[in-house]
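As structure tokens, the structure follows; a few thoughts come after it.
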Amino acid sequence: MDGSVHQDITVGTKRGSDELFSSISVGPYIMSTTANGNDSKKFKGDMRGGGVPSRVLHVRRLPSDITEAEVISLGLHFGDITNLLLLKAKNQAFLEMSSEDAAQNMVSYYSTVTPVIRHHPVYVQFSNHKELKTDNNPNQERAQAALRAVSCPHAAASSSVLRVVVDNLMYPVTLDALCQIFSKFGTVLRIIVFTKNSQFQALLQFPDGASAHNAKLSLDGQNIYNGCCTLRISFSKLNSLNIKYNNDKSRDFTRPDLPTGDGPPTAMEHAAMATAFTPGIISASPYTGATHTFSPAFTLQPAVSSSYPALTLPTLPAAALASLSLPTASRLHLPSLSTGHCVLLVSNLNPERVTPHCLFILFGVYGDVTRVKILFNKKENALVQMSDSTQAQLAMSHLNGQRLYGNPIRITLSKHTNVQLPREGHEDQGLTKDYSSSPLHRFKKPGSKNYSNIYPPSATLHLSNIPPSAVEDDLRRLFSSSGFTVNAFKFFQKDHKMALIQMGSVDESIESLIQFHNHDLGENHHLRVSFSKSSI
């Protein structure tokens, strides 16, 4: 056991230069109580400090009354969790992931965003153990119960649509705020917010039941702010949401071409909401399959709530703020977000291969990229500025977790509202690029067909603007010239200006798109490349 070796390592993962809304990173939300003050004690733990990858992770400086569910929530988004050892007396825990890749993703992510539990930063690093052996540990019953609750087999069969009620609504909660919270458990496809029975509510759709189950498991009963805005979550009877408009009341992230409409949901949507649930079925208890009672009353840290797009807090009397244990307005550091939040932080990049241009091309599949900045002192991180917040959410939903040049990238909203260009006379080695006037933007024209042809990365690419003289062998040869595998190729029957080409993998497809989009094929034809929903 790691508890038998050496001493505390006082240096953990640090916040990157672009600090994020760490309280909604993956689930370990900050609680209103203060830390216990035992952090200064020396304790026995891993000496390596996170150097050699292992699927066992060492979590340090935990509050003394930490629960198993809180520790598990740190890793939920990164993969299956196979074992847990909680050492409350030592303020530490060991979390065993199902694979080394999942553990690496988790350590990489938390090197950019420091997880915080109960106003107290905790530290995640690799353990020097390759697996946890806890069979003979008498205190493992609670840990195993918590793990069973997370991995219950009917999770995948759960509804992918959640009904969310926000109780004790003392601060405004926006559609974007809810989306940002829930997107840490999976891609949010569609969301509707509305008021029913004098309660602020939402219907939110994930692509699968497992994501919805994990979100409910981690967030049900939690507070968005200290002492208020409590989330009450249940499964909806709806299988899918039918969204007509993209605005502040409803959003379909798979259909950025939808009109803004007049705001409120349509009569059809009201009818859908009515059949989605019956009054009084909301329960504050954990998911029915859980055999372990999770700790209630998590809260999100208001001090960094600027990561919520378009979220502004009302001005309250100082006494009210004090009674809620909230910081004063001057400490909230909320920027002006009238146009939405459109800057993304992209982490875990391959610094040897990633350039501003390749990020511009890749993210440009989902919106018009205006600026890209690779961070000078931490080149595995970059900021990508999209034209608007909807495009930013679309890019984040489709690209988060995809592999780029061998690395699974992580994407979150940045605290920055725009990417700053270098000051005149200050060279940044070409790490910052302004693409605001680029001719390669796909969505400049209102009503462009590109809006209806946005798909997640796939092994099959859609090619267009092919010159009449080009034949199949020419295009196969082009895409295999960089060592990529071409598994299949097919021209469109009625239009040889377009074709489908199937690469050996999604990873190869992503790299091919970056390399060959806008490639000059001669005859004044520049190839257009996008992801296809079809296969050959």
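Only one of (1) of a type in the set (S, T, Y); (2) touching a Leu at 6+ places or on another chain (Cβ under 7 Å); (3) not in a strand (DSSP E or B) fails for T412. Which number is that?
Failing condition for T412: (3).
Just checking, does the range 93-114 include any residue being under 19 Å from S64 (Cα atoms) and more than 22 Å from the chain's Cα centre (by Cα)?
Yes; the residues of the range 93-114 include at least one that is under 19 Å from S64 (Cα atoms) and more than 22 Å from the chain's Cα centre (by Cα).
Can you tell me which residues in the range 98-116 are in contact with an Asp or Glu (Cβ under 9 Å, 6 or more places away or on another chain), open to solvent by less than 20 Å² (accessible area, probe 1.4 Å) and within 19 Å of L147 (Cα to Cα)?
A102, A103
Here is a check on your reading of the model: is S17 surrounded by fewer than 18 Cβ atoms within 10 Å (Cβ to Cβ), modelled with pLDDT of 80 or more and not in a helix (DSSP H, G or I)?
Working: surrounded by fewer than 18 Cβ atoms within 10 Å (Cβ to Cβ): yes; modelled with pLDDT of 80 or more: no; not in a helix (DSSP H, G or I): yes.
Here the answer is no, as S17 does not meet what is asked.
Does H441 satisfy the criteria of being in a loop (DSSP other than H, G, I, E, B) and within 13 Å of D368 (Cα to Cα)? Quick ask: steps written out before the conclusion?
Working: in a loop (DSSP other than H, G, I, E, B): yes; within 13 Å of D368 (Cα to Cα): yes.
Answer is yes for this residue.
Determine whether H519 is touching a residue at least 12 places away in the same chain (Cβ under 8 Å) and more than 21 Å from T254 (Cβ to Cβ). Don't jump to the end; show me each part of the working.
Details: touching a residue at least 12 places away in the same chain (Cβ under 8 Å): yes; more than 21 Å from T254 (Cβ to Cβ): yes.
Against the criterion (touching a residue at least 12 places away in the same chain (Cβ under 8 Å) and more than 21 Å from T254 (Cβ to Cβ)), H519 qualifies.
Which is open to solvent by less than 70 Å² (accessible area, probe 1.4 Å) and under 34 Å from the mean Cα position of the chain (by Cα), of G504, G522?
Values: G522 fails: under 34 Å from the mean Cα position of the chain (by Cα).
Answer to the check: G504.
Quick one: is A89 out of contact with any Lys or Arg (no Cβ under 6 Å at 6 or more places or on another chain), at pLDDT below 80, more than 19 Å from S54 (Cα to Cα) and not in a strand (DSSP E or B)?
Working: out of contact with any Lys or Arg (no Cβ under 6 Å at 6 or more places or on another chain): yes; at pLDDT below 80: no; more than 19 Å from S54 (Cα to Cα): yes; not in a strand (DSSP E or B): yes.
The answer is no for A89.
Checking N128 against (1) of a type outside the set (G, A, S); (2) modelled with pLDDT of 90 or more; (3) not in a loop (DSSP other than H, G, I, E, B), which single condition isn't satisfied?
(3)
Residue by residue through the range 223-251, note down the ones that are touching a strand residue (DSSP E or B) at 6+ places or on another chain (Cβ under 7 Å), part of a strand (DSSP E or B) and either surrounded by fewer than 18 Cβ atoms within 10 Å (Cβ to Cβ) or modelled with pLDDT of 90 or more (or both).
L231, R232, I233, S234, F235, S250, R251
Sort out which residues of the range 390-422 are of a type outside the set (A, V, I, L, M, F, W, C), at pLDDT below 90 and open to solvent by less than 30 Å² (accessible area, probe 1.4 Å), and write them in order of number.
Q391, Q393, S397, T412, S414
So, of the residues in the range 338-363 that are out of contact with any Ser or Thr (no Cβ under 8 Å at 6 or more places or on another chain) and open to solvent by 10 Å² or more (accessible area, probe 1.4 Å), which turns out to be nearest to C179 (Cα to Cα)? Talk me through it step by step, then tell me what you get.
Here is the first cut: in the range 338-363, the ones out of contact with any Ser or Thr (no Cβ under 8 Å at 6 or more places or on another chain) are 338, 346, 349-355, 357-359, 361-363.
Keeping just the survivors that are open to solvent by 10 Å² or more (accessible area, probe 1.4 Å) gives 338, 350-355, 357.
Numbers: S338: 17, N350: 28, P351: 30, E352: 33, R353: 32, V354: 29, T355: 29, H357: 29 Å.
Here the residue is S338.
Could you go through the range 55-71 and let me know if any residue there is assigned to a helix (DSSP H, G or I), open to solvent by less than 10 Å² (accessible area, probe 1.4 Å), of a type outside the set (D, E) and at pLDDT 50 or above.
Among the residues of the range 55-71, at least one is assigned to a helix (DSSP H, G or I), open to solvent by less than 10 Å² (accessible area, probe 1.4 Å), of a type outside the set (D, E) and at pLDDT 50 or above, which makes the answer yes.
Under 8 Å between Cβ atoms, which residue pairs at least 6 apart in sequence (or on different chains) link something in the range 200-213 that is under 9 Å from G186 (Cα atoms) with a partner that is open to solvent by less than 10 Å² (accessible area, probe 1.4 Å) and part of a loop (DSSP other than H, G, I, E, B)?
These pairs meet every condition: F206/V188; A212/F206.
Restricting attention to the range 167-214, report how many residues are small (G, A, S), farther than 19 Å from I243 by Cβ and open to solvent by less than 20 Å² (accessible area, probe 1.4 Å). Spell out the reasoning first.
Step one: list which residues in the range 167-214 are small (G, A, S), which gives 177, 183, 186, 198, 202, 209-212.
Those left that are additionally farther than 19 Å from I243 by Cβ: 198, 209-210.
Next cut, open to solvent by less than 20 Å² (accessible area, probe 1.4 Å) only: 209.
Counting residues in the range 167-214 that are small (G, A, S), farther than 19 Å from I243 by Cβ and open to solvent by less than 20 Å² (accessible area, probe 1.4 Å) gives 1.
Show the residue pairs meeting these rules: Cβ distance below 7 Å; 6+ apart or different chains; first residue within the range 374-397 and assigned to a helix (DSSP H, G or I); second residue of a type in the set (F, W, Y) and open to solvent by less than 20 Å² (accessible area, probe 1.4 Å).
These pairs meet every condition: Q391/Y366; Q393/F253; L394/F253; L394/Y366; A395/F363; A395/Y366; S397/F253.
The values are calculated or read from the model by the stated rules, or taken from the named source; none is laboratory data. Worth saying up front: this structure is predicted, and the values here are computed from it rather than measured. Glycine also receives a Cβ, built like all others from the backbone with ideal geometry; neighbour counts cover every protein chain displayed. Heads up: the accessible areas ignore ligands, DNA and RNA and are worked out on the full protein's heavy atoms, side chains in. Shrake-Rupley method; radii C 1.70, N 1.55, O 1.52, S 1.80 Å.
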